[in-house]
């Protein structure tokens, strides 16, 4: 049976708008965070995170957040790539508060993982349509940074 391998695909960083909060919704508290923009770079592609995507976060009653992230990337050669991510973000309230105050926080103090899928019609990047990737994220006071690994 073949083993699981991964290779670094890119680092993605994005700035987020202040959240829209729908407290006490039927499944928990929903937070909607829109992307202002950002950047990504890796060995085979680099470019901008476009404004307008977002994260539709569900803060469950057990304190864990389910992530539903959708965003668009524009490569430096002009290709558009759609990215859809599902994930889990588990952080203690006091750790989140330290991050928001721009205090140094080791990402090992919380869990921020995503599963990414890509869509593009650009010939140079169609290989992305055939892979799954895993992101290991960290929160910043104004956004997030994720290291993305292609799963082989």
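The values are calculated or read from the model by the stated rules, or taken from the named source; none is laboratory data. The model shown is predicted, which means the values in this text are computed figures rather than measured ones. In this analysis, Cβ positions are derived from the backbone assuming ideal geometry, glycine residues included, and neighbour counts consider all displayed protein chains.
Could you tell me which residue of segment 90-103 is modelled with the highest pLDDT, considering only residues that are in a loop (DSSP other than H, G, I, E, B) and closer than 11 Å to residue 139 by Cα?
Taking segment 90-103 and keeping what is in a loop (DSSP other than H, G, I, E, B), we get 91-92, 101-103.
Checking the rest, the ones that are also closer than 11 Å to residue 139 by Cα come to 91, 102.
Working: 91: 93, 102: 86.
For segment 90-103, the residue satisfying everything is 91.
I'm checking my understanding of the structure. Among residues of segment 104-144 that are crowded, with 18+ Cβ neighbours inside 10 Å and assigned to a loop (DSSP other than H, G, I, E, B), which one is modelled with the highest pLDDT?
Selected residue: 120.
Name, by its number, the condition in (1) closer than 24 Å to residue 74 by Cβ; (2) free of Cβ contacts under 8 Å to residues at least 12 places away in the same chain that does not hold for residue 118.
(2)
Inspect segment 26-47 for any residue being touching a strand residue (DSSP E or B) at 6+ places or on another chain (Cβ under 7 Å), free of Cβ contacts under 8 Å to residues at least 60 places away in the same chain, surrounded by fewer than 14 Cβ atoms within 10 Å (Cβ to Cβ) and more than 29 Å from residue 121 (Cβ to Cβ) and give the result as yes or no.
yes
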